[in-house]
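The values are calculated or read from the model by the stated rules, or taken from the named source; none is laboratory data. Treat the numbers as computed from the prediction; the structure is a model and nothing was measured. Here the Cβ positions follow ideal geometry from the backbone for every residue, glycine too, while neighbour counts run over all protein chains shown. Remember, those area values only see protein heavy atoms, side chains included, never the ligands or the DNA or RNA. Shrake-Rupley method; radii C 1.70, N 1.55, O 1.52, S 1.80 Å.
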Amino acid sequence: MQSNESMSISQIIERDHKVYLNAFGQRTPLCIERGEGCCLYDSEGHAYLDLIGGIAVNVLGHGHPGLTEAICRQAAQLIHCSNYYYQMPQLRLAERLSDYAKPLFSGQGGLVFFGNSGAEANEAAIKLARAYFHKQGQPRPRIVSARQSFHGRTLATAAVTGQPRYSDPFAPLPSGIVHVPFNDIAALQAAVDTTTCAVVLELIQGESGVHPATAAYAQLAEAVCRETGAQLIIDEIQTGMGRTGAFFASERYQLTPDIVTLAKGLGGGVPIGAVIASPDSAAGFTPGDHGSTFGGNPLACAAANAVLDAYEAEQLVARAGQLGQAVTTRLQQLAQKQPLIQEIRGAGLMIGIEFSAEIAPALRMNLISHGYLTGAVGTSTLRLLPPLTISREELDRFVDQLAASLEGISTGEENK
Ligand SMILES: *Cc1c(COP(=O)(O)O)cnc(C)c1O
């Protein structure tokens with residue numbers, strides 16, 4: 001075996017292609033070796049400013065001392081012991097998330113269950129809502145979600161996801177799922193009735209390109225759930241963990257959901273997901289209904305506790321709001337001079353830049369060549385989900401480069 005120091009990226013791609021199942025196609029041709037702060041370094045020693053943060057996961061950037069230290073300490077003490085037993089990292093994390101969720105549940109603490117990913121958190125939320133009505137002897141068959149949503153890749157969450165490409169190849173799917181156009185109040189109102197078990201929504205659709213729900217739509221979703229008794233499940237896997245300038249985006253919308261889900265940033269890079277339910281909704285699960293071997297293990301919970309410690313010490317939620325405001329203002333100023341930018345969407349450090357031409361994939365590669373990592377959604381949207389620890393100076397440097405790259409594209413320079 002060759003060590004990767006002596007290997008070119010094309011050799012790495014060739015080896016990967018032989019052994020890694022072709023789920024990702026041709027990836028970005030970079031082999032990432034290490035990270036520090038908001039920078040990632042590849043196997044050839046190039047530095048990149050990370051504006052996508054492992055898709056909203058690396059909320060503390062890379063190599064954060066508090067997180068690294070907590071993981072190392074917990075790894076030496078206890079990595080796993082099964083959910084047969086109690087352990088303090090899990091209890092502490094559940095208490096803290098229960099507290100963070102108080103504004104969502106009219107001041108009551110939520111009840112928490114841990115899994116290992118976003119999809120598992122949503123899967124548990126869906127099971128909880130179904131079980132809630134089953135336990136009352138009145139099963140409700142229907143789940144309503146929005147088109148262009150993304151809720152995960154298990155069979156149930158892929159079926160709830162409102163994009164056929166994620167579910168079609170895997171039919172037959174769990175049944176009872178109805179998709180309605182996003183931000184269409186009349187369609188949502190018409191779709192929800194007393195046979196509806198749950199309405200599942202993202203408040204800002206992330207994977208489909210950073211599309212915020214209107215306030216009226218979110219409020220109607222809550223109102224129809226109250227009217228019909230359906231459970232309101234807000235998927236905060238991408239919008240949660242302070243990303244939008246509030247710990248939960250539901251707070252920005254002044255919503256009172258029944259169940260929320262978290263994952264992505266929760267462990268700062270260590271896999272963990274959480275379902276947080278109101279005390280009433282939590283009654284859906286009774287012992288034996290649900291479980292997880294790895295879910296809520298001490299290592300993942302210690303990591304998440306360290307993430308929350310950093311949030312509290314570094315005021316990262318407020319910071320996400322302020323930095324998001326600052327960078328969005330700069331992007332809007334750029335949009336006024338640069339006709340290639342059509343719209344800036346999002347909240348806090350969850351930002352979508354919509355272009356008037358299909359330039360997003362080429363622009364993303366151009367930005368990589370200048371040392372900036374972003375995400376392209378489809379052909380005309382660039383997505384930013386940087387660590388919440390990113391500095392104003394780093395964001396400003398990115399906007400300067402974006403301006404230069406767009407200038408290059410509009411004058412045909414990028415073809416040289
Ligand atoms: C990423 C994401 C998921 C799925 O999370 P995984 O950890 O990839 O399973 C679900 N919902 C939303 C809104 C997401 O952004």
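Determine the sum of side-chain charges near Gly66: Lys and Arg each +1, Asp and Glu each -1, restricted to other residues whose C-beta is under 12 angstrom from that of Gly66.
Values: positive: Arg73; negative: Glu69, Asp309, Glu312, Glu314.
Surrounding charge for Gly66 is -3.
Dividing the convex hull volume of the alpha carbon atoms of segment 41-94 by its residue count, what do you get in Å³ per residue?
With only Cα atoms used, segment 41-94 gives 139 Å³ per residue.
If one puts a single equal scatterer on every Cα of segment 361-403 and applies the Debye formula without solvent, what log₁₀ I(q)/I(0) results at q = 0.22, 0.28 Å⁻¹?
After summing over all Cα pairs, the log10 values are -0.75, -1.10.
Would you calculate the volume per residue, in Å³, of the smallest convex hull containing every Cα atom of segment 21-116?
186 Å³
What number comes out for accessible area per residue over segment 65-151 if the probe is 1.4 Å? Units Å², please.
Values: 4680 Å² over 87 residues.
Accessible surface, normalised per residue, equals 54 Å².
Once R0 is set to 45 Å, what does the formula 1/(1 + (r/R0)^6) return for the Cβ-Cβ distance between Asp184 and Met88, expressed as a FRET efficiency to the nearest 0.05?
Efficiency for this residue pair is about 0.45.
Stretched out fully, how many nm does the piece from Phe294 to Gln332 gain, at 0.36 nm a residue minus the Cα gap?
My answer for the length gained is 9.3 nm.
At 30 angstrom or more along the helix axis (alpha-carbon based) and mean Kyte-Doolittle of -1.0 or higher, what helices does the chain contain? Whole DSSP H runs only.
What comes out of the filter, once short or polar helices are dropped, is 316-337.
Bin width 10 Å, origin at 0, all Cα-Cα pairs of segment 265-315: what percent of pairs per bin?
Final binned percentages: 23, 40, 31, 7.
For segment 71-125, build the charge dipole from Cβ charges (+1 Lys, Arg; -1 Asp, Glu) around the Cα centre, then report which of Ala76, Ala119, Leu97 sits farthest towards its positive end.
Result: Ala76, furthest along the dipole toward the positive end.
What's the carbon and sulfur percent of the chain's accessible surface, probe 1.4 angstrom, rounded to a whole number?
On the way: 9940 of 18500 Å².
Its accessible area is 54 percent carbon and sulfur atoms.
Charges at C-beta only: +1 for Lys and Arg, -1 for Asp and Glu. How large is the resulting dipole of the chain about its Cα centre, in Debye rounded to 20?
640 debye
What FRET efficiency would be calculated for the residue pair Gln322, Asp99, taking the C-beta separation as r and a Förster radius of 30 Å, to the nearest 0.05?
0.80
Place a point 7 Å from the Cα of Thr411 along the Cα-to-Cβ direction; which residues of segment 305-338 have their backbone N under 17 Å from it?
Correct set: 337-338.
How many nm separate the modelled label positions at Gln11 and Ala283, each set 7 Å beyond the Cα in the direction of the Cβ?
Roughly 6.5 nm, to one decimal.
Given contacts defined as C-alpha pairs under 8 Å and at least six residues apart, what's the relative contact order of the chain, whole-number percent? Write down the numbers at each step before the final one.
Numbers: 831 pairs, mean separation 85.3, N = 416.
About 20 percent, as a whole number.
Work from the charge dipole of segment 267-386 (Cβ charges, +1 for Lys and Arg, -1 for Asp and Glu, about the Cα centre) and give the residue of Ala326, Gly371, Gly352 farthest towards its positive end.
Result: Gly371.
At 222 nm, what helix-only mean residue ellipticity would the chain give, in deg cm²/dmol to the nearest 500, using -39500 (n - 2.57) for each DSSP H run of four or more?
It comes out at -12000 deg cm²/dmol, rounded to the nearest 500.
Placing unit charges on C-beta atoms (Lys and Arg positive, Asp and Glu negative, everything else neutral), compute the dipole magnitude of segment 231-338 about its Cα centre in debye, rounded to 20.
Working: 6 positive and 9 negative charges, 131 e Å.
It comes to approximately 640 debye.
Please find the FRET efficiency linking Asp193 to Arg153, where r is the Cβ-Cβ separation and R0 is fixed at 30 Å, and quote it to the nearest 0.05.
0.55
Work out the P(r) tail for the chain: percent of alpha carbon pairs separated by more than 32 Å, whole number.
38 percent
When the Debye formula is applied to the Cα atoms of segment 107-221, each taken as the same point scatterer, what base-10 log of I(q)/I(0) results at q = 0.13, 0.16, 0.19 Å⁻¹?
For the requested q values the scattering log ratios are -0.51, -0.79, -1.10.
Please check the chain for the longest run free of chymotrypsin sites (Phe, Trp or Tyr not before Pro) that are loop-located per DSSP (anything but H, G, I, E, B) and have at most 15 other Cβ atoms within 10 Å.
For chymotrypsin sites (Phe, Trp or Tyr not before Pro) (loop position, at most 15 other Cβ atoms within 10 Å), the longest site-free span of the chain is 87-416.
Please report, in whole Å, how far the alpha carbons of segment 172-312 spread along each principal axis, starting with the longest.
If we take the Cα atoms of segment 172-312, the spans are 45, 37, 32 Å.
Hey, how many Å between the Cα centroid of segment 353-416 and the Cα centroid of segment 203-268?
What the calculation gives is 28 Å, centre to centre.
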